[in-house]
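Everything on this sheet refers to the single structure shown next.
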Amino acid sequence: MTTTTKLDHPTFKMVKDAFPNKRFKATEYRGEPSLIVEPADLHAVLQFLRDDPRCAYDMLADCYGVDYKDYPQAMPARFCVGYNLASTSRQDRFFVKTFIDPSIDTSGIEEDPALYVDSACDIWVGAEWMEREVFDMYGIRFRNHPDLRRILTWEQYPGHPLRKDYPLRGRGEREHFRVVDRDDA
């Protein structure tokens, strides 16, 4: 496990012991521990963190995406998918992140075969809507998701609006709507 600061959260050691041949990076910022895993190991690590009684991260508080395009510091890859886990018995938080790079230009709407990670819906049922939001906003797809479709925009929406290369004024999707005033409502 690579460390950047003094890391004393016990979960780091438990994960490293459970997966001795896997590569991880651990960080801690303001007391919040984060484990960075390879995309192929994400599902197994999440399953371990929920099922091992010493960890007992029984609640998925959040699943989120981040686009690091043009970020001032070097990042492992452009996109991050993160899981904010909570142990309700210990009132403890633990973050798990994975990074993926696109293989094609992301300014369009084409599906990128490199922007896939395994779904956590079989681990936490509540992951379904959160992963759909990440898919809708960033275009990151989740393998084995039971209902991966847009949730915040319509099905034919021309892109993924939280990508940094999405035009600030959109791609014309606002100009095609009829203006509704108070008398029409």
When DSSP beta bridges are limited to those with both residues in the stretch 2-184, what percentage is antiparallel, rounded to the nearest 5? 70
Cβ charges +1 (Lys, Arg) and -1 (Asp, Glu), total dipole of the chain, debye: 640
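Return E28, E131 ranked ascending by Cβ neighbour count within 10 Å, so the fewest neighbours appear first.
Working: E28 18, E131 26.
Ascending number of Cβ neighbours within 10 Å: E28, E131.
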Summing +1 for each Lys or Arg and -1 for each Asp or Glu, what net charge is found among the other residues whose Cβ lies under 15 Å from the Cβ of R23? +1
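Can you compute the charge dipole magnitude of the stretch 71-153 about its Cα centre, using +1 on each Lys and Arg Cβ and -1 on each Asp and Glu Cβ, nothing else charged? Give it in debye, rounded to the nearest 20.
Working: 9 positive and 13 negative charges, 64 e Å.
It comes to approximately 300 debye.
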State, as an integer percentage, the relative contact order of the stretch 2-144 based on alpha-carbon contacts under 8 Å between residues 6 or more apart. 21
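What ranking, highest mean first, results for peptides 143-150, 81-88 when packing means the other Cβ atoms within 10 Å averaged over each residue?
The peptides rank, most packed first, as 81-88, 143-150.
Each reported figure results from applying straightforward, stated rules to the coordinates on display, with no laboratory input. Quantities reported herein were computed from a predicted structural model and do not represent experimental measurements. All Cβ positions, even for glycine, are placed from backbone atoms using ideal geometry, and neighbour counts span all protein chains on display.
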